[in-house]
Amino acid sequence: MDAFSSKDMAMKAQKKILSTMANKSSVQMFIDDTTSEILDELYRISKEYSGNKSEAQKVIKNLIKIAVKIGVLFKNNRFSSEELAVAHDFKKKLHMGAMTAISFYEVDFTFDKTVMSELLTSCRDLLLKLVNTHLTTKSHGRINHVFNHYSDPELLTKLYDPNGPFRPNLTRIYKGLNKMVEDGTI
């Protein structure tokens, strides 16, 4: 029997099209305003921290591509029950990370770079496990790129410095995360 499947082909085309459309204007179709605002702040932080506009754009573009591809996989019911359990664990870990980020923001000088870095690394590992058989090595590299960038202890330390240059950015991220937690989206 021929292994061709039009459903598989359509999903691959969707992932490819959405992957190439990952720019600011098209993202608005797939990502809500609060998430978009958080992504904008993450971009500004990355640009300032790295001193490299194209690197900051690449990190955010990779983040968006991964989110869209995972969304396509969910929409097309591509995950097994075991993978859905991993997805549930990822969502719980992401929620814990958001709550930890909020707590570190609300109480000055409680920030622990090791805790935050380990939470992000754990999220990365769960996400890689989730998409292991569904996405290409290139997409796995994108996941690593995004999470390794934002789990950098030096970046996190500068981000959470109450007197640091990123405090206004962190304030806007905090407000967005709070809204997402209240809405139940994270």
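The table below lists the values:
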{"read-out": "Matching option when the condition is small (G, A, S), open to solvent by less than 40 Å² (accessible area, probe 1.4 Å) and within 19 Å of K175 (Cα to Cα), among S36, S122, S117, S103", "value": "S36"}
{"read-out": "Pairs with Cβ under 9 Å, 6+ apart, first in the stretch 61-90 and in contact (Cβ under 8 Å) with a residue 40 or more places away in the chain and under 24 Å from E37 (Cα atoms), second open to solvent by 30 Å² or more (accessible area, probe 1.4 Å) and outside any helix (DSSP H, G or I)", "value": "I64/N23; I64/F30; V68/M21; V68/F30; K69/H134; I70/H134; G71/F30; V72/R78"}
{"read-out": "Test: residue in the stretch 81-96 that is open to solvent by 40 Å² or more (accessible area, probe 1.4 Å), in a helix (DSSP H, G or I), touching a Leu at 6+ places or on another chain (Cβ under 8 Å) and more than 17 Å from M180 (Cβ to Cβ)", "value": "yes"}
{"read-out": "Single condition V181 does not satisfy, out of (1) of a type in the set (A, V, I, L, M); (2) within 13 Å of the chain's Cα centre (by Cα); (3) farther than 17 Å from R44 by Cα", "value": "(2)"}
{"read-out": "Scan of the stretch 125-137 for residues that are under 16 Å from the mean Cα position of the chain (by Cα) and either of a type in the set (K, R) or open to solvent by 30 Å² or more (accessible area, probe 1.4 Å) (or both), ordered by number", "value": "D125, L126, L128, K129"}
{"read-out": "Count of residues meeting criterion [within 16 Å of F166 (Cβ to Cβ), assigned to a helix (DSSP H, G or I), free of Cβ contacts under 8 Å to residues at least 60 places away in the same chain and open to solvent by 20 Å² or more (accessible area, probe 1.4 Å)] in the stretch 41-59", "value": "3"}
{"read-out": "F4 aromatic (F, W, Y), in contact with a helix residue (DSSP H, G or I) (Cβ under 9 Å, 6 or more places away or on another chain) and modelled with pLDDT under 65", "value": "no"}
{"read-out": "Selection within the stretch 24-35 - part of a helix (DSSP H, G or I) and either touching a Leu at 6+ places or on another chain (Cβ under 6 Å) or modelled with pLDDT under 90 (or both)", "value": "K24, S25, S26, V27, D33"}
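The values are calculated or read from the model by the stated rules, or taken from the named source; none is laboratory data. Being a predicted model, the structure only gives us computed values, none of them experimental. Here the Cβ is made from the backbone with ideal geometry for all residues, glycine too, and neighbour counts use every protein chain on show. In case anyone asks, the SASA skips ligands and DNA or RNA and just uses the protein heavy atoms, side chains included. Shrake-Rupley method; radii C 1.70, N 1.55, O 1.52, S 1.80 Å.
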